[in-house]
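Asks: Have a look at this one.
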Amino acid sequence: MTDTDQPATGRRDRKKAQTRAALTAAALRLVAERGLEQVTVEEISEAADVSSRTFFNYFTCKDEALTDDPALDGNPVVARLAAAPAQVSALQAVRLALAESIDSIQADRELWRLRLTVIAQNPALLPRLVAGNSATEQAMVAVVATRLGVGPDHGHPPLVVAVAGAAFRTALLRWATGDDARPLHDFVDEAFAAIAGGLADPPSPS
């Protein structure tokens, strides 16, 4: 590829990312306003100022436009987990692997607040979200097992990944739905620290 090709490729990638983001934002806004069953792909496309054909270049269906997000791409998370320093615990390695995703979600706080509201209002969307996470979690379990030098049937790697996933989801919900203005990574660090500390009960209010 020549130097002149690279800027053009970069522009195309940015345009694609912008179009995808516009479709997602339109889908979430319309569904939040009208309900899941009252919104069509055609209406989402029109709101994003693209054709329905363009919509299907990015998503296979309306539900996917609502739940899928580049920040949830599991491949980079698994790769970062595999590259985490050997001296850190498995739990801390997962936390490090999530860092870039957390930064990406933080940058789109209002979009994520809307997405979680839409999912809460339309529980039928939850299986799609969980299904995507399931494949990533299985890959993460394999990486953690390799890090620890244990077999695929050992109970510790899936426990680490499941607990870390629960901690992340809890932190995400607290960040997106509460009035606390702290960044997402503060909530995630707090949750992971609680787990690492044995999940002791907090002191009783005085």
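Asks: What is the magnitude of the charge dipole of the chain about its Cα centre, with +1 placed on the Cβ of each Lys and Arg, -1 on the Cβ of each Asp and Glu, and no other charges, expressed in debye to the nearest 20?
Replies: On the way: 20 positive and 26 negative charges, 44 e Å.
So the dipole magnitude of the chain works out to roughly 220 debye.
Asks: Could you point to the residue in A97, P123, V144 farthest towards the positive end of region 93-156's charge dipole, with +1 and -1 charges on the Cβ of Lys/Arg and Asp/Glu respectively?
Replies: P123
Asks: Just from its helices, what would the mean residue ellipticity at 222 nm be for the chain, if runs of 4 or more DSSP H residues each count -39500 (n - 2.57) and the sum is divided by every residue, rounded to the nearest 500 deg cm²/dmol?
Replies: It comes out at -23000 deg cm²/dmol, rounded to the nearest 500.
Asks: Where the convex hull is taken over the Cα atoms of the chain, what is its projected area averaged over directions, in nm²? Can you show the working numbers first?
Replies: Working: hull surface 62.2 nm².
Computing the convex hull of the Cα atoms and averaging its projections yields 15.5 nm².
Asks: Another question about this same structure. Quick check: at a probe of 1.4 Å, how many percent of the accessible area of region 1-115 sits on carbon and sulfur atoms? Before the final figure, lay out each step's value.
Replies: Working: 3170 of 6410 Å².
Whole-percent figure for carbon plus sulfur exposure: 49.
Asks: Output the peptides 75-81, 179-185, 148-154 sorted from most to least packed, where packing is the average of other Cβ atoms within 10 Å over each peptide's residues. Intermediate values should be presented prior to the final figure.
Replies: On the way: 75-81: 17.3, 179-185: 12.4, 148-154: 10.6.
Highest mean packing first, the order is 75-81, 179-185, 148-154.
Asks: Per residue, what accessible area does the chain have, given a 1.4 Å probe and all protein chains present, in Å²?
Replies: Details: 11760 Å² over 206 residues.
In whole numbers, the chain has 57 Å² accessible per residue.
Asks: Also: Distance in nm between label sites at S134 and T177, each 7 Å beyond Cα in the beta-carbon direction?
Replies: 2.3 nm
Asks: At q = 0.14, 0.16, 0.18 Å⁻¹, what log₁₀ I(q)/I(0) does region 2-107 have when each alpha carbon counts as one equal point scatterer in the Debye sum?
Replies: -0.72, -0.83, -0.92
Asks: Still on this structure: Once R0 is set to 35 Å, what does the formula 1/(1 + (r/R0)^6) return for the Cβ-Cβ distance between R113 and R11, expressed as a FRET efficiency to the nearest 0.05? Intermediate values should be presented prior to the final figure.
Replies: Values: r = 30 Å, r/R0 = 0.86.
So, using R0 = 35 Å, E works out to roughly 0.70.
Asks: Label S89 and A124 with points 7 Å out from Cα along Cα→Cβ: what is the distance between them in nm?
Replies: Placing both labels 7 Å along Cα→Cβ, they lie 4.2 nm apart.
Asks: If you don't mind, there's one more thing I want to ask. Of V161, L28, P85, whose Cα points farthest to the positive end of the dipole of the chain (charges on the beta-carbon: +1 Lys, Arg; -1 Asp, Glu; origin at the Cα centre)?
Replies: P85
The values are calculated or read from the model by the stated rules, or taken from the named source; none is laboratory data. None of the values given here were measured: they were computed from a predicted structure. Here the Cβ is made from the backbone with ideal geometry for all residues, glycine too, and neighbour counts use every protein chain on show. Accessible surface areas use protein heavy atoms only, side chains included; no ligands, DNA or RNA. Shrake-Rupley method; radii C 1.70, N 1.55, O 1.52, S 1.80 Å.
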